[in-house]
1. Do any strands (runs of 3 or more DSSP E) lying entirely in segment 47-104 carry at least 2 residues that are open to solvent by less than 30 Å² (accessible area, probe 1.4 Å), and which ones are they?
2. Return the residues of segment 596-609 that are in a loop (DSSP other than H, G, I, E, B), open to solvent by 10 Å² or more (accessible area, probe 1.4 Å) and farther than 26 Å from Ala141 by Cβ; say none if nothing qualifies.
3. Please list, ordered by first then second residue, the pairs with beta carbon atoms under 7 Å, 6 or more apart or interchain, first in segment 537-550 and in a loop (DSSP other than H, G, I, E, B), second crowded, with 24+ Cβ neighbours inside 10 Å.
4. Could you check segment 358-382 and list, in sequence order, the residues that are surrounded by fewer than 18 Cβ atoms within 10 Å (Cβ to Cβ) and in a loop (DSSP other than H, G, I, E, B)?
5. For residues in segment 610-637 being open to solvent by less than 20 Å² (accessible area, probe 1.4 Å), part of a strand (DSSP E or B) and not small (Gly, Ala, Ser), which is farthest from Val168 (Cα to Cα)?
6. What's the number of the condition Gln252 fails, among (1) surrounded by 20 or more Cβ atoms within 10 Å (Cβ to Cβ); (2) within 18 Å of the chain's Cα centre (by Cα); (3) over 19 Å from Ala191 (Cβ atoms)?
7. Just the residues that are among the polar types (S, T, N, Q) and farther than 24 Å from Ser477 by Cβ, please, taken from segment 194-234.
8. Before we move on, is Gln175 surrounded by fewer than 19 Cβ atoms within 10 Å (Cβ to Cβ) and touching a Phe, Trp or Tyr at 6+ places or on another chain (Cβ under 7 Å)?
Amino acid sequence: MKRFALIVVTVTFCTIVVGCGGSSGIVTPPPAPVLSISSTSASFTAVQGGANPAAASVTVSNAGGGTLTFSATSDSPWLAVTPTNGTAPQSLQISAAVGTLPAGMNTGHITITAAGVTGSPATVTVGFFVAPQPSETPFWAQWGANPQHAGMVAVTGQNAVHKLADIVYEPFVNQEKAENAAVFGEAELTAHYQAPIVDGNDVYAMMKTGTYNSCVPAGAWFTQNAACGPNTWNTMIWNEARFSWINNQLTQIWIFVSDWKPEPNGNGLEGWEPVFHPLDANNFIYVPGAGGTIWKVNKTTGAAASHINPFSGTNITAQNTYVAGPLSADSQGNIYYTVIELADPSMGDPWTANDAQGAWLVKVKADDTSTIATFASLVPAAPAANSTACPAEFTRGPNGICGSQRPGINIAPAIAPDGTIYIGSVAHFNSGQAYVVAVNSNMTPKWTAAMQSLLTDACGGAPPCILGTGLIIDLASSSPTVVPDGSVLFGAFTDYNGGRGHLLKFDSLGNFQGAFDFGWDSTPAIYVHGGTYSIVIKDNHYETGGPYYITQLNPGLQIEWQFQNTNPGQANGYEWCINMLAVDMNGTVYANSEDGSIYVIPQGHTGIFTQPQSSLFLNLALGAAYTPLSIGPDGRLYTQNNGHLFAVGN
């Protein structure tokens, strides 16, 4: 037994020595293959009915030794891989085919298998987002829904029962409100926002990005004129995003980054952020741009189809030139908007130290050609820029001069069915030298109606007395509304009735017809019914802390009914935080309240009533901005509160 053991040991030793090449060491087997892939995921996007996306590459490698052969398979009919087998290293091409896939996110997998090999199987997870084709049936296409800004639609609106979507579009709300709290003692959001544009299944909305420079200490933008807060709001970026309803989810399809910036703050705006407001027309989304330009955006891709510059070849200073309010369109697809060129801010406050350098009404046709008309040409009877003949109590300029006529900030042109364009014009240094202006479709003046000395309630009765004057102030967003009889309404500010303003009515020839004693920051809605119409407007009594009404007027501006907010959270209820109401085909009125809720207010009442058809709390009571509403073709409601866009419905 001992001899046998010795022989075995000897043979084993010799074998090891021989296996080591006859010298020394241990024999090492060759390393085994190891399957490795360059990526475990891939993503594609496409549009229903559109081209297939470009293929993506994934490399199969052997991280070990020897030879690695593999096969590749797909688990989805829309997902393909080539080649389906090979030897590493090998590049695979992964492709996705739109075919008849439904809109939304589709997920598939490519499985790479090498039998008996470490790392096998390896999986590439593929996401394929298929966007729906954009709708080409504008429904709520602009401020106030249509060219007249009537705010009424020919469908039945849904009830305020459920929040169907909640999208944050303003990420800087808390910072902005902190700046106002330090100055005014209240955390108010003093910003103007776009009305959601609704086109079929699509919703277009403003989304902010960029940065907001908070002041240290808060409020230093006002107390120290520091370069922070509203004084540097141009560090934010205004974008327009397309959302579409996919599987009952409001889903972002694309976002377009605009170069638009608001006018500088200063003593003209007092921290009230101007509005960025695009438009749906001619199968494009038109977006305000920098230097008085607009962008024409492809609704399918979100890419710029063209950049329209009506001021090409002129001597404006582009960095001081601004699209001054919402874009509007007539029934022929002509786009109208106003532009202001301010003095260089480095030379002093451009609202009080130096006159506006230029002001224009712009018309852009569907073929991108444009025409501009100066405000000086449209308001020829206004006092000269260096005149001191404007109402002295409203002056803010040097030596009491009027300043040149220019657009009120945030005013959307309204267009009557006959093509007449209505705008608001004001002297740069004097809010009391203000006009409602009618312009012919060929951009020549039709008439101007001064808002001076029209209001008898300023002195408690008929003349002789000092009559009240309607003002245009740049903190507001009131825009003209054309009513069915051809008259035009405009919400002016007045300084003597607790800041309530007045709703002024002019006939189609510019003759003053009367006024209702509320108009501040409000574009009225028009309910057409039974061969006549009614006017619906918010009606807040600020100075007395209430009451707060939504008021409906007849064509003679007499009250038909008033819905009063009686939320017990405050003694007299809450004010209406709405600057553009919405009305459905039945006359049902939709409005936002400062109590944080959207209210659905029915017809069929007289006098004062307090019971809504429905209401729904959104996000925040108190501190939210004045915002507009929209209604979609399916009756869904689109409203805003505290920087959130909500879809609301049954």
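The values are calculated or read from the model by the stated rules, or taken from the named source; none is laboratory data. As the structure is a computational prediction, the values presented were derived from the model and not from experiment. Glycine gets a Cβ as well: all are built from the backbone with ideal geometry, and neighbour counts include every protein chain shown. Accessible surface is based on the protein model in full, side chains and every heavy atom, while ligands, DNA and RNA are left aside. Shrake-Rupley method; radii C 1.70, N 1.55, O 1.52, S 1.80 Å.
1. 56-62, 69-74, 79-82, 90-96
2. Pro602, Gly604, His605, Thr606
3. If the second residue must be crowded, with 24+ Cβ neighbours inside 10 Å, the pairs left are His541/Tyr548.
4. Correct list: Lys365, Ala366, Asp367, Asp368, Thr369, Pro380, Ala381.
5. Checked segment 610-637; the qualifying residue farthest from Val168 (Cα to Cα) is Ile631.
6. Here Gln252 meets the rest and fails (1).
7. The answer is Asn201, Thr211, Asn213, Ser214, Thr223, Gln224, Asn225.
8. Against the criterion (surrounded by fewer than 19 Cβ atoms within 10 Å (Cβ to Cβ) and touching a Phe, Trp or Tyr at 6+ places or on another chain (Cβ under 7 Å)), Gln175 qualifies.
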